[in-house]
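The values are calculated or read from the model by the stated rules, or taken from the named source; none is laboratory data. Predicted, not measured: the structure shown is a model, and the values here were computed from it. Positions of Cβ are backbone-derived with ideal geometry, glycine not excepted, and every protein chain shown enters the neighbour counts.
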Amino acid sequence: MWKVEKDLDRLPEFIVRKFRSWVVAVERDGMPLVRQCKGFHDEPLRGNRAGQRSVRLNRAYRAIYCERKDGQIEIVQVIEVNKHEY
């Protein structure tokens, strides 16, 4: 799950805290419950990112992840986005 550590080193601390709080929530409550939490705006992606999902860390940052068949979560990247950039 932590392939994204290098991305986190370059991000503002408040984004890193929000990302880590999402990770803790997923580990504690499980992905199905966390997906229902409106604060993260978990949504499936389309186009060349089909099969991946996005979690909003704030208006400008997203955590992109995919859920493997064994149920494990793989973080693809944490990125700064403009509307429709990802």
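Assorted remarks:
- The selection criterion, being aliphatic (A, V, I, L, M), assigned to a strand (DSSP E or B) and out of contact with any Lys or Arg (no Cβ under 6 Å at 6 or more places or on another chain), holds for Ala63.
- Residue satisfying all of: in segment 42-58; surrounded by fewer than 12 Cβ atoms within 10 Å (Cβ to Cβ) and not small (Gly, Ala, Ser); nearest to Met31 (Cα to Cα) among these: Pro44
- Of the criteria (1) at negative phi; (2) modelled with pLDDT of 90 or more; (3) part of a loop (DSSP other than H, G, I, E, B), which one Gly51 fails: (1)
- Among the conditions (1) surrounded by 15 or more Cβ atoms within 10 Å (Cβ to Cβ); (2) at pLDDT 90 or above; (3) not polar (S, T, N, Q), Pro32 misses just one, which is (1).
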